[in-house]
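The values are calculated or read from the model by the stated rules, or taken from the named source; none is laboratory data. Note that the structure is predicted; figures quoted are calculated from it, not measured. Note that we place each Cβ from the backbone using ideal geometry, even for glycine, and neighbour counts take in every protein chain shown.
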Amino acid sequence: MLAIDGGPKVRPTPFPKRHLLGGEEKQAALALFDRAVETGDPIGYGGPEEQAYEREFAEWMGGGYADLVNSGSSALYVALGALELEPAGEVVVPPITDPGGVMPVALLNLVPVVADAHPGSFNCGAAQIAAVLSSHTRAIVVAHIAGEPADMGPILELATSRGLPLIEDCAQAHGARWQGRLAGTMGDIAAFSTMSGKHHATGPQGGVVYTRDEDLYWKGKRFSDRGKPFNTDAGSNLRAGLNLNGNDLAAAVGRVQLRKLAEITRRRRQVAGRIIAGLEGLQAVAPAWEAPQSEGVYWFMRVRVEEGRLKVDKDTFAKAVAAEGIPVTPSYRHLPSEALWFRQRRVFPPSDYPWGLPAYRGDRKAHFPCPNAVAAAESHFVLAVHENYTDQEVADILAALRKVEEAYLT
């Protein structure tokens, strides 16, 4: 009997916690406090720890420039701000993403235009981006959702052919690769989230702006700190901007975390690989489609359900798996175009800016049905995974999937 119907659970005990933060991070933070107490100087920002973290992050990415900021949303906001896009233009945004992956576009008085997903994916594809391009398009934002890289080759070709800057949203994809290239190194500029749920963290919240273009780096760094005239001879602030700085305490934690990141991603791939291999032979449950020649880092795993082979729908199936003690979320339907703020154009109330800007010459409405994204969200459930899963967790996940499939097969 299924657990959802009163039977025994496959997994009666909780899954292990991640334990992302440990003694090394604690000691790094305490050492910073000790120095502050000893010297009488406060813990600040832009100091030796932050500079070291930014240098080490850029080295981890294979070279370039990094700026630590206070959140992933801020990182995208700064990345867009660095490009100095003309207001009232359009920016293509992902079909499935966190609100912070789209709101910065509108907050810069640019019109977000949602590209649909590649079939079977949560990420947009080149054909779907091409379908929404117009003479008003100023840039493209591509997100690597779930730690799965988008199929970047055709997207890069499209952006280059149209002369459009490409921003990579790598919030969920630290260390992911497409054809051997790290996520974040393929576009013009990239945004990372380093909040406590991500692959590596700089504390409760944080973000990184990364680029290999030195000019873009300085433009972003100025924008993230109220337009300060970094790397110039100017005697005053150069443009308006917010204080979006990271800080030395966050950086001290992040430096320790960076040293762990390669092993974290290796273990996540290992766990996911065992689960994917174990799905072989199931009739209604299968691994999600991933872009060819890509290496995901699995912020979570997408699992596809063939409803036509079951007596129940995908959500009911997923809830039954969760009842067996498995960390499953039935749906990841995070479509920005379905959110109230987007549909009601509530960015600068009571106006409907940026859509209502007099300078906007496009005809985009705040409605994008995104049938591929909806189909992907409705045919997949989300399985939580992390680097501390053992063979036992993998075995229990697969046993629960087999048990529920056997009960619900037509």
For this session: Note down all Cβ pairs under 8 Å where the first residue falls in segment 170-182 and is under 10 Å from residue 144 (Cα atoms), the second is charged (D, E, K, R) and in a loop (DSSP other than H, G, I, E, B), and they're at least six residues apart or on different chains.
Result: 171/98; 171/198; 172/198; 173/148; 174/198; 176/148
Problem set entry | Single residue of 54, 59, 84, 50 found to be touching a Lys or Arg at 6+ places or on another chain (Cβ under 8 Å) and within 27 Å of residue 216 (Cα to Cα) | 84
Problem set entry | Breaking point among (1) closer than 22 Å to residue 77 by Cα; (2) touching a Phe, Trp or Tyr at 6+ places or on another chain (Cβ under 6 Å); (3) surrounded by fewer than 24 Cβ atoms within 10 Å (Cβ to Cβ); (4) of a type outside the set (Asp, Glu), for residue 103 | (2)
Problem set entry | Qualifying residues in segment 381-390 (those that are more than 16 Å from residue 277 (Cβ to Cβ) and not in a loop (DSSP other than H, G, I, E, B)) - the one farthest from the chain's Cα centre (by Cα) | 381
Problem set entry | Residue check for residue 275: in a helix (DSSP H, G or I), in contact (Cβ under 8 Å) with a residue 12 or more places away in the chain and either among the small types (Gly, Ala, Ser) or under 23 Å from residue 9 (Cβ atoms) (or both) | yes
Problem set entry | The one condition in (1) part of a loop (DSSP other than H, G, I, E, B); (2) in contact (Cβ under 8 Å) with a residue 40 or more places away in the chain; (3) out of contact with any Gly (no Cβ under 8 Å at 6 or more places or on another chain) that residue 201 fails to fulfil | (3)
Exercise. If you go through segment 279-290 one residue at a time, do you hit one that is among the acidic types (Asp, Glu) and either over 29 Å from residue 392 (Cα atoms) or crowded, with 18+ Cβ neighbours inside 10 Å (or both)?
Worked result: yes
Exercise. Are any residues in segment 226-266 acidic (Asp, Glu) and free of Cβ contacts under 8 Å to residues at least 40 places away in the same chain, and if so, which ones?
Worked result: 233
Exercise. Restricting attention to segment 98-109, does a residue exist that is over 27 Å from residue 66 (Cβ atoms), among the β-branched types (Val, Ile, Thr) and in contact (Cβ under 8 Å) with a residue 60 or more places away in the chain?
Worked result: no
For this session: Among the numbered conditions (1) over 24 Å from residue 207 (Cβ atoms); (2) of a type in the set (Ser, Thr, Tyr); (3) surrounded by 17 or more Cβ atoms within 10 Å (Cβ to Cβ), tell me where residue 236 comes up short.
Result: (3)
For this session: Specify the residue that is modelled with the lowest pLDDT; the eligible residues are those in segment 331-386 that are of a type in the set (Asp, Glu) and out of contact with any Ser or Thr (no Cβ under 8 Å at 6 or more places or on another chain).
Result: 363
For this session: Quick one: count up the residues across segment 112-150 that are surrounded by 24 or more Cβ atoms within 10 Å (Cβ to Cβ) and either among the charged types (D, E, K, R) or farther than 14 Å from residue 370 by Cβ (or both).
Result: 10
Exercise. So, of the residues in segment 146-180 that are outside any loop (DSSP other than H, G, I, E, B) and among the acidic types (Asp, Glu), which turns out to be nearest to residue 100 (Cα to Cα)?
Worked result: 169
Problem set entry | Contacts under 8 angstrom Cβ, first residue in segment 10-36 being in a helix (DSSP H, G or I), partner of a type in the set (Asp, Glu) and surrounded by 15 or more Cβ atoms within 10 Å (Cβ to Cβ), 6 or more apart | 32/49; 32/248
Seminar exercise, completed: Residues in segment 174-193 that are more than 16 Å from residue 211 (Cβ to Cβ) and touching a strand residue (DSSP E or B) at 6+ places or on another chain (Cβ under 6 Å) total 3
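The rows are residues; the columns are (1) without any contact (Cβ under 8 Å) to a residue 12 or more places away in the chain; (2) assigned to a helix (DSSP H, G or I); (3) over 20 Å from the mean Cα position of the chain (by Cα).
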| site | (1), (2), (3) |
| --- | --- |
| 321 | no, yes, yes |
| 331 | no, no, no |
| 334 | no, no, no |
| 346 | yes, no, yes |
| 356 | yes, no, yes |
| 360 | no, no, yes |
| 374 | no, yes, no |
| 392 | yes, yes, yes |
| 398 | no, yes, yes |
Exercise. Within the group 206, 163, which residue is without any contact (Cβ under 8 Å) to a residue 40 or more places away in the chain and of a type outside the set (Val, Ile, Thr)?
Worked result: 163
Exercise. Tell me, which residue of segment 204-227 that is assigned to a loop (DSSP other than H, G, I, E, B) and touching a helix residue (DSSP H, G or I) at 6+ places or on another chain (Cβ under 6 Å) is nearest to residue 49 (Cα to Cα)?
Worked result: 206
